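Structure first, then comments.
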Amino acid sequence: MNVIEINQENAQQYLIDESFNRPVVVDFWAEWCAPCKQLMPLLEKLADEYAGAFLLAKVNADEQQGISQQLGVRSLPTVMVFKDGQPVDGFAGAQPETAVREMLQKHLPSPWDAKIAEATELLDQGNTAEAVALLRAAWEESSKLLEVTLAYAGALVEANRLDDAEDVLNEVRLVDREAVHEQLMAQIELKREAGKSPEIEALERDLAADEGNHEVRVKLAIQLSTSSHFKDALEHLLVVLRADRDWNNGEAKRVYLDTIATIGKGDPLAAEYQRKLFSLLY
């Protein structure tokens, strides 16, 4: 149960007793209150999103005047957070979603915390692909919260997905770009400088001398993919496929599909280049 209507009969059970088990968010509202009708759908959405991590207790202030007076409610809407039988936080008046989320986060585990914890374990085990996928989901669920953004970008750097990491970091507002952000950007530049093997550099020189040499371009793509430079690899393979869809009995296409499989299903980069291949072939 995520939401309940409060009355005199159940107030003790759900406002006080239940708050020893989980936080209870109490929403005092009335039918005539327009801001109440703006706030309540947001609270209901968050109650569903947190899936029982807190109880949303709705109190009709007109019908339950005794409860409202006992708790000192003077304006509507009023929201209170109860923990261990006591009000510990709250606000009066309709608030934006960001403000309500910030209040809840002080008292609740975030829905994405479990994903971040699991991703951290996967990174420790060297499983960067699955860790990146989990952190991507956490990043989106958290509405790109700064601390989750930095964790996601860090995993992308570790996976050598440098362009993707830079794109994620560039979404951070200028006012929020502090030490960790700058450290990650510096890591990206250092990895770029150190990341190209002698084999990659030699193939790049050969390709610069003969840009129409598909064999060299595919070899370069394989080396780039092996070094986790997936986007660059896929772009090179697209050049070959646009010129000859069946080059070398389909080798370019096979390498392209193998690269997408290495990135992992559901990854935005994989999805983007699956769409590009589909558009090219069909």
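Every read-out reported here was derived from the displayed coordinates using simple, explicitly stated rules and does not represent laboratory data. Treat the numbers as computed from the prediction; the structure is a model and nothing was measured. Note that we place each Cβ from the backbone using ideal geometry, even for glycine, and neighbour counts take in every protein chain shown.
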Exposure proxy check on 115, 196: fewest-to-most Cβ neighbours within 10 Å is 196, 115
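Going by how many other beta carbons lie within 10 Å of each one, how would you line up 45, 276, fewest first?
Fewest to most other Cβ atoms nearby, the residues stand as 45, 276.
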Using only Cα atoms, tell me the angle between helix 146-158 and the longest principal axis of the chain; keep it within 0 to 90° and round to the nearest 10. 20 degrees
With r as the distance between the Cβ atoms of residue 265 and residue 42 and R0 = 30 Å, compute the FRET efficiency 1/(1 + (r/R0)^6) and round to 0.05. 0.35
Quick check: the angle from helix 268-281's long axis to the longest principal axis of the chain, C-alpha only, nearest 10 degrees? 50 degrees
Ignoring everything except DSSP H segments at least 4 long, calculate the 222 nm mean residue ellipticity for the chain; use -39,500 (n - 2.57) per segment, divide by total residues, nearest 500. -18500 deg cm²/dmol
Angle between the Cα long axis of helix 230-243 and the longest principal axis of the chain, 0 to 90 degrees, nearest 10? 50 degrees
By the Cα gyration tensor axes a ≥ b ≥ c (a/c under 1.5 gives rounded; else a/b larger than b/c gives prolate, otherwise oblate), the shape of the stretch 113-194 is oblate
The ratio Rg/Rh over the Cα atoms of the chain, Rh being the Kirkwood inverse mean 1/r radius, stands at 1.18
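Quick one: order 227, 110, 19, 197 by neighbouring beta-carbon count within 10 Å, fewest to most.
On the way: 227 16, 110 19, 19 23, 197 13.
In increasing order of surrounding Cβ atoms, one gets 197, 227, 110, 19.
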Structure shown: which of 219/265; 37/265; 144/253; 45/83; 191/253; 219/276 lie over 31 Å apart, alpha-carbon to alpha-carbon? 37/265; 144/253
